[in-house]
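Structure, as C-alpha cells:
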Amino acid sequence: MAISYISTRGAAPELSFSDALLTGLAVDGGLYCPDEVPTLGELDAGAPYAEIASAVMWPYVEGSIAREAFDDAVQGAYATFRHPDVVPLIQIEDNHYLLDLAKGPTLAFKDIALQLVGRLLDHELSARSEQVTVLGATSGDTGSAAIEALQNRANVKAVILHPEGRVSDVQRRQMTTVDAPNIRNVAIDGTFDDCQDLVKAAFNDEALRAEFGLAAVNSINWARVMAQIVYYVTTTLRLGGPVSFSVPTGNFGNVLSASYAKRMGAPIEQLIVASNRNDVLTRFFETGSLSAQSVEPSLSPSMDIQVSSNFERALWEASGRDGTATTELLQEFRATGDVPVDAEWVEQLRSQFDAGRLDDDATLAEIARVKEESGVVIDPHTAVGVHVGRRLRRDPSVPLVTLATADPAKFPDAVEKATGERPPLPGFLSELHERTEHYVTAGNSLDAVANQLRSF
Ligand SMILES: *Cc1c(COP(=O)(O)O)cnc(C)c1O
C-alpha cells in the first residue's frame, strides 16, 4: 500500500506523494506528513550514497513515480556534489565528527534536498503537462539552493523573497547573479519571518494560489524533509552503531528529518537542537511554552528564525496526531505569541530532543577553538552545533556527529573575525563578486508580492 500524506491540521484532503510535492502547504494551513513511517530495509553500508538514498526514500514515493525515473532523479541530484561520498565525515576531536553537508552547488545543506526536489517537480509537471510558480521565502540558503535547482527548468517559474539587507553578501549574490528567465528575486523590506508569513498568506489566499499555480519548495515541503533523512541513515551505517547528532537549527527541518530516520530504525542515541540567540526552540524545551520574540540578526543568519515552521510536524505527532488540538495551539500562538503547550506533549518532545543556544561571541570563540585544535575551519552555523553538541552530549562513548550545514566561505566576515583568515570561495564561484545582480525590491505586504507575481 502506498503511503499517503495527511495534514497536521486535520482538515485537508489526504494526498499522494506527488500531490503533496506540488501542493506544499495544505489548504487548511497545515503541513503534510506521511500517514505511516516505513521501516528501513537491508542496506549495504558500502554502497554509493545515491543508491542508499533511493532505497531509503522509495517507500515514501512508491505509487507516485516509476522506480527508474526516481532513481534517475536521485542519481542526477547527487552527481552535482563535489565529493565522492556526497556528505563526507571529518573527525575534529575524540569521537566527535562533522558531517559535511555543504559540497553541493550553493555550499549549504539545502542543496541535498533541493537538487532532488527540483528534479522531482520537473518530472511530475511534465508528466501532467502542467506548469507552476514556486513562491519561496529564504533566510539566505534556501533561496540560492532553490534557484540553483530550478533555473531554466521548463515547467517552473520561481519567485524568491529574501529579507533585504539581512542575508550575507555571498548568499545574496548566489541568488541574484543567476541570470535565468524563469527566476525572480524579490528583496522584502522586513525580516525572514515576514517573508515566511507573506508566503503563507499567499498560499492561504485561494484566488491568488489558483491564479498563479503556486507551489512551494521551502522546508514545509515534505519532499525536503524526506531527502534529509538519508544522510542520518548513511552516517549510522558508516559509523556502524549508535550515533548522537547535534543539528544547527532554524526551521526545524533538518533535525525533524533525524527524528524520522530514528523512527525508521536508524540507531540514533541523542538528538541535540542547537540554536543561536534566536532561541524559540531552546526556550520551548526549557519552559514548555511557545513564545515568540523579535528576530535578532546574528552571525548565523540561516538560523535567525522565531517561528520554526517544521516544529508543527513534531507538535502534531506529540499530540497523538490530533489535528484539532494542533490547530488550536498554533492559532493561539499566532494570536498571542505566547502559549503553554500540553504537559504530555512537552514530555514527549523532551524525550526525543535536547536543546541549547550559543551567542555570537561564543560562536566566534568556537570557530577559533576548532581551527586551533583540529585545523578544520567551520562556519558560524556549524560552530553553534559543535559547541552545543559538546555541552549537551550525554554519553561520550557514543560518537557525536555535528552537521556542518554551510561552507565557511559563505560567511567570510565572521570566519575572518574568528581566525584572522578569510576563507576562499571554491574555484567555481571565484567570480561571484564580479557578476551582475538581478533583483527587485518590494514592501512587506501581500499586495506587493501579488504585484510581483502578476508582473513576472
Ligand atoms: C537552513 C540552514 C539551517 C537551519 O536548518 P533548518 O532545517 O531550518 O533547521 C542551518 N544552517 C544553515 C547553513 C542553513 O542553511
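Nothing in this text is a laboratory measurement; each read-out follows from the coordinates by a stated rule. Quick caveat, the model's predicted, so the values are computed rather than measured. Counting neighbours? That spans all protein chains shown, and the Cβs are built from the backbone with ideal geometry, glycine included.
Here is how the numbers come out for the structure above:
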quantity	calculated
FRET efficiency, Arg454 to Arg394 (Cβ-Cβ, R0 51 Å, nearest 0.05)	0.40
The chain: antiparallel DSSP beta bridges as a percent of all, rounded to 5	25
Proxy reagent accessibility, fewest Cβ within 10 Å first, across Lys103, Lys110	Lys103, Lys110
The stretch 44-190 - share of DSSP beta bridges that are antiparallel (%, nearest 5)	25
Neighbour-limited loop hits for GluC sites (Glu not before Pro), the stretch 353-456 (at most 12 other Cβ within 10 Å; DSSP other than H, G, I, E, B)	Glu421, Glu431, Glu437
Under the Karplus curve 6.51 cos²θ - 1.76 cosθ + 1.60, θ = phi - 60°, whole-Hz ³J(HN,Hα) for the stretch 72-82, x wherever Gly or Pro sits	4, 4, 5, 4, x, 4, 8, 6, 7, 8, 8
Karplus (6.51, -1.76, 1.60) ³J(HN,Hα), θ = phi - 60°, over the stretch 389-403, in Hz, Gly and Pro reported as x	x, 4, 6, 9, 4, 8, 10, x, 7, 8, x, 9, 10, 9, 7
Dipole of the chain, positive direction: furthest Cα of Leu120, Pro181, Val384, with charges on the beta-carbon	Pro181
Per-residue HN-Hα couplings for the stretch 267-279 [Karplus 6.51, -1.76, 1.60; θ = phi - 60°; Hz; x = Gly/Pro]	x, 10, 7, 9, 10, 10, 8, 10, 10, 8, 4, 8, 10
Dipole of the chain, positive end: most advanced residue of Leu237, Pro424, Gly265 [Cβ charges, Cα centre]	Pro424
Charge dipole (debye, nearest 20) of the stretch 307-456; +1 at Cβ of Lys and Arg, -1 at Cβ of Asp and Glu	280
Listed residues His433, Ala207, Gln228: farthest to the positive end of the dipole of the chain (Cβ charges)	His433
Total charge dipole magnitude, the stretch 1-84, about the Cα centre, Cβ charges on Lys, Arg, Asp, Glu only, Debye to nearest 20	300
